[in-house]
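Novice: The structure under discussion is supplied below as structure tokens; questions concerning it will follow.
The values are calculated or read from the model by the stated rules, or taken from the named source; none is laboratory data. Keep in mind the model is a prediction, meaning the values are calculated, not measured. Please note: Cβ atoms are built from the backbone with ideal geometry, for glycine as well, and neighbour counts cover all protein chains shown. Please note that ligands, DNA and RNA were not included when accessible areas were found on the heavy atoms of the full protein model with its side chains. Shrake-Rupley method; radii C 1.70, N 1.55, O 1.52, S 1.80 Å.
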Amino acid sequence: MNPTDNHYPEGQSFRNSLNSRYRVASIWQALFFSALLIAMLSLAALLYNVVDGAFGYVAYEYKNDPAEFSAKPLDDLNKQELLDILKANLSDGAYNKLNNEQAMEKRSKSDLYTLVLERLIQIDTKQTWSMTASIFDANEVKAEAAKKYPEAKLEFRSWLTPIFLTTPMSSKAEFAGVRTAILGSLWMVGIAILFALPIGTGAAIYLQEYATKNFLNRIIQTNINNLAGVPSIVYGMLGLAIFVRALEPFTSGSIFGITDSNGRTILSAGLTMGILVLPLIIINGQEAIKAVPDSLRQAAYGIGATRWQTIWHHVLPNALPGILTGSILAVSRAIGETAPLIVVGASTFISLDPEGPFSKFTALPIQIYQWTTRAQTEFHSIAASAIIVLLVLLLTLNAAAVIIRNRVQRKY
Amino acid sequence: MQINETPQYSIETKDLSIFYGTFKAVSNVSMLIEKQKVTAIIGPSGCGKSTLLRSINRMNDFVPNCHVTGELLMRGQNLYGSNIDPVEVRRSIGMVFQKPNPFPKSIYENIAWGARINGFKGNMDELVEQSLRSAALWEEVKDVLKKSAYELSGGQQQRLCIARTIAIQPDIILMDEPASALDPISTLRIEELMQELKKNYTIIIVTHNMQQAARVSDYTAMMMLDKEGSRSGTVIEFSETKKIFTNPKDKRTEDYVTGRFG
Amino acid sequence: MKQENTTLENKNFRPLDLKKKLRPGESVIQSLLFMSGILSIFITVAIVYELGKEALLFFTTPGVTLTKFFTTTQWSPGIGLFGIWPLVTSTLITSAIAIFVSLPLGLSAALFLSEYASPKARATLKPILEVLAGIPTVVYGYFALLFMTPLLQSIFGDAVQVYNMLSAGIVMGIMILPLISSMSEDALSAVPRSLREGAYAMGATKFETSIQVVLPASLSGVGAALIIGISRAVGETMIVAVAAGSGPNFTFNPFKAAETMTGHIARISGGDLSYNSIDYNSLFAVALMLFLVTLVLNLVSQVIVERFREKYE
Ligand SMILES: Nc1ncnc2c1ncn2[C@@H]1O[C@H](COP(=O)(O)OP(=O)(O)O)[C@@H](O)[C@H]1O
Ligand SMILES: [Mg+2]
């Protein structure tokens, strides 16, 4: 080819082809961006979907007419009157059971009111409507309710209430709360962190500060990276085989003299979750330790510090914010994990607060799973409320992590 | 314990070679370093000055695969002997690094920490003051001892690092281009300080600055890659600084100190 | 004594003792740290051992053969049906849908973030993906069952069952999107500047550079992201447990309900399960398969990432 031959478009025609290249480029750029748009929309849809379920109209009927129990409207009764109604109408056994859980005289008026509704009048929810329908099609909802359930009362309800947070489980969606589930989650996460943080940090220190580049240490490192990718349900199976079954005498507390429990306890769940988050804590810890500059170690060694003195006095304090952030992330992970808890046998119905590591337990995500998979829509509503509780909890944790990260500005 | 001690010298190397894995970075160095004198190590970059210096207080232990052959004696004891504790070695041979590296703690703590871990039981305030005075920093920081060391200027930080080293009362102080990251005025102060310190300490300093070596040192070791094509550095000439600069024996030294090198 | 401690006078003739000191504390601590490190190996060994032991019990049960396990298409160990395929196909179908959703979206998002977005845009867009990544999977399950499924039903009509693989797969794709996107973005930004500049200097537009030069150069990194994505999809439990169906079903129709391997483990173990039953043992056989598949995927991805990193270091 003669170098002076010009096979390229020139002038206007080059400009035209360039313009069309730019057009294609901008179309693709828009397509790339739309992926993020879809991500945003999905997130928005998810959050909206949850909020949509947690508020809205409910049509419900009383199984028993309040007038059977009291001449006055229920709302006007005082505490003593409510108590009398309960005493008169509940069976002795049921009343004593309630009294044993918490002395009836000491309960608040609203507690008693709830008990009257739950035990005596008994609410029967007919249908629930989403928040959107309740707000934008309120008239249609009212018409539908009046037609389908002429006897029913229609009421706009927020399923997420302060009472929802402080009430234990109930088999009735209208009276259920997440108190036992939150306590169970906290116990479980507490044990998991107590187990995984020291060991995970120890392993991170070993790998960053002591391990030489030999075969064993490479295996350890690869293995940790792999463990981070093992499906959580496999950890559940491990927990089932080891903590629930093989170590039952320990995890059930029977060697400590606790008799009424099997291995499906908070302790088993906590240890399982601890093993699950261990690789996460190790990897985050390694990153944090790696970020401590070498000059600091050299400075310490240079004035005759031993290895551990150097680590304890200089490396760890400077890696601490990173380690803390990592453990908060691990806590978030543990709080949201569901599958391993199902496998190690979280109970789905627990109305008593967990008392210690050897209690049976339920957890927040377990309740969400349970309620979501129920057919009745009122359970979906409390599932949505529980999700909001869970997400707020996670948001708080992550905000804490961000604050810690920003507070401790890098000094070097 | 003190058999074989040659009181006049604090460090003696005998045919010392230093390897990174199979790569011989420094080969066959034999020299005697005199007590209470400043010895400078000069030479082009990459010829193994830092490697040699760091082998003296066993900082190279932290480099995987780094090992030495030959002998490195401190007052007659081979520092690489099998019964030698590297932590004890570093306690006796302090080091000041190229970039100031104070701990992210208060000025006071920077000095107190080393003393504390080495079991100092005396009056800590007094030690801090004396160390800072010896490092010519006391007047500048005596009112802000609780402040973070990171608020000091670079030159002050480097003097703090020197004070920190003095506080553990070593016999020898190693300095690896201690002024290369500093401005001329700070450099001057460090150089003055060295003259002061050599009354009590043996100082070995690495520098690539000829004038600095000429100004501060009593002895100079000239390092070079040992031959064309090789990557091993060695000491090609070692004598009084005056001689090195005025009457070098080796042609390469002459080229280097007169700037004809390269 | 006091004098000796505080003075900075010359002590050149103080006795020099460099002998090794016994530091029992240091050794104890080092062993403890080493034990923490080695524990992770024990965890892996324990997983393999426990799953393997119970799986072996399953495979040695009279009536169970490997041939039956891998060639028949009905799974119900309680009544002597040992064909793993219905669980495998539904796992593959939901995972394939998830990848079909998350790979193009994740890669596009990564391209936009690494090649086009201004630092400010990145700072606002990335947290959205991070939030998506931080949402517990049970919440995605709720979303799949109560949002995605009704949506699909309104589009495709009654053919879509209440529990179906499509809905679970799509939502799983949304869940995996941030992972694929962030790993791909890492791969894209690891491509050296010089390569881009070379393309620009030849008159390529930004788009041509990113698609024809940067993307091919980072392809193995994107491949690693894809593999990790598959591994995540195969191992994901809650979304499929809530939305894909509860009962093994040998079908290739994504509108139908079918239980995946993980979903099956979750449902059976959530019930009243007695140790030493064939049901109990069979779950471990399924879990062992799951573990081995994800292990291989994770290892392959790790090797690819390491190679890739070396190439551009
Ligand atoms: N940690 C190390 N690992 C391997 N090689 C090294 C290391 N540190 C230095 N080297 C090599 O040793 C030689 C001498 O380096 P150095 O002592 O730093 O030289 P100088 O201080 O004279 O500039 C160089 O070739 C350098 O690449
Ligand atoms: Mg150097």
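Novice: For the subset of the stretch B:194-221 comprising residues that are among the polar types (S, T, N, Q) and surrounded by fewer than 18 Cβ atoms within 10 Å (Cβ to Cβ), which member is farthest from ligand 2 (Cβ to nearest atom)?
Specialist: The selected residue is B:Gln195.
Novice: Out of the residues in the stretch B:56-81 that are more than 16 Å from C:Leu16 (Cα to Cα) and without any contact (Cβ under 8 Å) to a residue 40 or more places away in the chain, state the one that is nearest to ligand 2 (Cβ to nearest atom). Full working, then the answer.
Specialist: Start the filter on the stretch B:56-81 by keeping residues that are more than 16 Å from C:Leu16 (Cα to Cα), which leaves B:58-71.
Cutting the leftovers down to without any contact (Cβ under 8 Å) to a residue 40 or more places away in the chain gives us B:58-59, B:61-62, B:64.
Values: B:Arg58: 17, B:Met59: 12, B:Asp61: 18, B:Phe62: 16, B:Pro64: 19 Å.
Across the stretch B:56-81, the extreme among qualifying residues is B:Met59.
Novice: Output the residue which, of all residues in the stretch B:44-60 that are within 10 Å of ligand 1 (Cβ to nearest atom) and of a type in the set (Lys, Arg), is farthest from the other protein chains (Cβ to nearest Cβ). Please lay out each step first, then the result.
Specialist: Just the residues of the stretch B:44-60 that are within 10 Å of ligand 1 (Cβ to nearest atom), to begin with: B:44-55, B:60.
Checking the rest, the ones that are also of a type in the set (Lys, Arg) come to B:49, B:54.
Values: B:Lys49: 16, B:Arg54: 9 Å.
Selected residue: B:Lys49.
Novice: Please determine, by comparing only the residues of the stretch C:207-230 that are farther than 30 Å from A:Leu18 by Cα and open to solvent by 10 Å² or more (accessible area, probe 1.4 Å), which one is farthest from the other protein chains (Cβ to nearest Cβ).
Specialist: So the first thing to find is which residues in the stretch C:207-230 are farther than 30 Å from A:Leu18 by Cα, and the list is C:220-221, C:223-230.
Keeping just the survivors that are open to solvent by 10 Å² or more (accessible area, probe 1.4 Å) gives C:220, C:223, C:226-228, C:230.
Details: C:Ser220: 17, C:Gly223: 16, C:Leu226: 14, C:Ile227: 10, C:Ile228: 7, C:Ile230: 11 Å.
Checking each candidate, the answer is C:Ser220.
Novice: Any residue at all in the stretch B:242-253 that's within 16 Å of ligand 2 (Cβ to nearest atom) and either open to solvent by 20 Å² or more (accessible area, probe 1.4 Å) or in a helix (DSSP H, G or I) (or both)?
Specialist: The answer is no; no qualifying residue exists.
Novice: Condition check: over 20 Å from A:Ile289 (Cα atoms), part of a helix (DSSP H, G or I), free of Cβ contacts under 8 Å to residues at least 40 places away in the same chain and more than 14 Å from chain C (Cβ to nearest Cβ). Does A:Pro150 satisfy that?
Specialist: no
Novice: Residues of the stretch A:232-244 being out of contact with any Leu (no Cβ under 8 Å at 6 or more places or on another chain) and either closer than 19 Å to A:Gly356 by Cα or surrounded by fewer than 20 Cβ atoms within 10 Å (Cβ to Cβ) (or both), which ones?
Specialist: Scanning the stretch A:232-244 gives a single hit, A:Val244.
Novice: Mind checking which residues of the stretch C:211-245 are among the hydroxyl-bearing types (Ser, Thr, Tyr) and either more than 23 Å from the chain's Cα centre (by Cα) or in a helix (DSSP H, G or I) (or both)? Talk me through it step by step, then tell me what you get.
Specialist: Residues of the stretch C:211-245 that are among the hydroxyl-bearing types (Ser, Thr, Tyr), as a first pass: C:218, C:220, C:231, C:237.
Scanning the stretch C:211-245 gives C:Ser220, C:Ser231.
Novice: Before we move on, is B:Lys99 open to solvent by 20 Å² or more (accessible area, probe 1.4 Å) and away from ligand 1 (no atom under 16 Å from the Cβ)?
Specialist: Here the answer is no, as B:Lys99 does not meet what is asked.
Novice: Surrounded by fewer than 24 Cβ atoms within 10 Å (Cβ to Cβ) and either closer than 24 Å to A:Gln127 by Cα or not hydroxyl-bearing (Ser, Thr, Tyr) (or both): which single residue out of A:Pro354, A:Pro365 fits that description?
Specialist: Numbers: A:Pro365 fails: surrounded by fewer than 24 Cβ atoms within 10 Å (Cβ to Cβ).
Criteria check complete, one pass: A:Pro354.
Novice: Sticking with this structure for a sec: Considering only residues that are assigned to a loop (DSSP other than H, G, I, E, B) and either buried (at least 22 other Cβ atoms within 10 Å of the Cβ) or of a type in the set (Phe, Trp, Tyr) (or both), look in the stretch B:102-121 and name the one that is farthest from ligand 2 (Cβ to nearest atom).
Specialist: The qualifying residue farthest from ligand 2 (Cβ to nearest atom) is B:Phe120.
Novice: Now for a separate question. Would you mind telling me which numbered condition in (1) of a type in the set (Gly, Ala, Ser); (2) surrounded by 20 or more Cβ atoms within 10 Å (Cβ to Cβ); (3) under 26 Å from B:Arg58 (Cβ atoms) B:Ala181 fails?
Specialist: It fails just one condition, (2).
Novice: Can you name the residue in the stretch A:147-162 that is among the aliphatic types (A, V, I, L, M) and at pLDDT below 85 and is also surrounded by the most Cβ atoms within 10 Å (Cβ to Cβ) among such residues?
Specialist: A:Leu154
Novice: Still on this structure, I have one more. What's the number of the only condition in (1) within 18 Å of B:Ser17 (Cβ to Cβ); (2) more than 16 Å from ligand 2 (Cβ to nearest atom) that B:Arg90 fails to meet?
Specialist: (1)
Novice: Only residues that are open to solvent by less than 20 Å² (accessible area, probe 1.4 Å) and either within 14 Å of another protein chain (Cβ to nearest Cβ) or within 16 Å of ligand 2 (Cβ to nearest atom) (or both): list them for the stretch B:3-34, please.
Specialist: Across the stretch B:3-34, the qualifying residues are B:Ser10, B:Ile11, B:Ile18, B:Ala25, B:Val26, B:Val29, B:Ile33.
Novice: Moving to a separate point now. Regarding A:Thr166, is this residue more than 13 Å from chain C (Cβ to nearest Cβ) and in contact with a Ser or Thr (Cβ under 7 Å, 6 or more places away or on another chain)?
Specialist: Against the criterion (more than 13 Å from chain C (Cβ to nearest Cβ) and in contact with a Ser or Thr (Cβ under 7 Å, 6 or more places away or on another chain)), A:Thr166 does not qualify.
Novice: Between a residue in the stretch A:360-373 that is facing chain C (nearest Cβ under 9 Å) and any residue that is basic (Lys, Arg), which pairs come within a Cβ distance under 7 Å, given they are 6 or more apart or on different chains?
Specialist: none
Novice: List every residue pair whose Cβ atoms lie under 6 Å apart, where the two residues are 6 or more positions apart in sequence or sit on different chains, the first residue falls within the stretch A:375-388 and is facing chain C (nearest Cβ under 10 Å), and the second residue, located anywhere, is among the polar types (S, T, N, Q) and open to solvent by 10 Å² or more (accessible area, probe 1.4 Å).
Specialist: Filtered contacts from the stretch A:375-388: A:Thr377/A:Thr128.
Novice: Kindly provide the set of residues from the stretch B:145-170 that are open to solvent by less than 30 Å² (accessible area, probe 1.4 Å), within 12 Å of chain A (Cβ to nearest Cβ) and not in a helix (DSSP H, G or I), ordered by number.
Specialist: B:Ile168, B:Gln169, B:Pro170
Novice: Could you identify the single residue in B:Leu53, B:Leu127 that is part of a helix (DSSP H, G or I) and away from ligand 2 (no atom under 16 Å from the Cβ)?
Specialist: B:Leu127
Novice: Right, another one. Output the number of the condition that B:Ala179 fails; it satisfies all remaining conditions of (1) within 16 Å of ligand 2 (Cβ to nearest atom); (2) touching a Leu at 6+ places or on another chain (Cβ under 6 Å).
Specialist: All conditions are met except number (2).
Novice: Continuing with this model, one more query. Kindly indicate which of A:Ile85, A:Ile38, A:Ile27 is without any contact (Cβ under 8 Å) to a residue 40 or more places away in the chain, surrounded by 13 or more Cβ atoms within 10 Å (Cβ to Cβ), within 14 Å of another protein chain (Cβ to nearest Cβ) and of a type in the set (A, V, I, L, M). Outline the logic, then answer.
Specialist: Values: A:Ile85 fails: within 14 Å of another protein chain (Cβ to nearest Cβ); A:Ile27 fails: surrounded by 13 or more Cβ atoms within 10 Å (Cβ to Cβ).
Criteria check complete, one pass: A:Ile38.
Novice: Applying the selection to the stretch C:91-118, what residues are closer than 25 Å to C:Met238 by Cβ, at the interface with chain A (Cβ under 7 Å from one of its Cβ atoms) and open to solvent by less than 20 Å² (accessible area, probe 1.4 Å)?
Specialist: Correct list: C:Ala109 only.
Novice: Identify the single condition in (1) modelled with pLDDT of 90 or more; (2) over 25 Å from B:Gln211 (Cα atoms); (3) touching a Leu at 6+ places or on another chain (Cβ under 8 Å) that B:Asp143 does not satisfy, given that it satisfies every other one.
Specialist: The number of the failed condition is (3).
Novice: From the residues in the stretch B:171-186 that are within 16 Å of ligand 1 (Cβ to nearest atom) and not acidic (Asp, Glu), which one is farthest from the other protein chains (Cβ to nearest Cβ)?
Specialist: The extreme case among them is B:Ala179.
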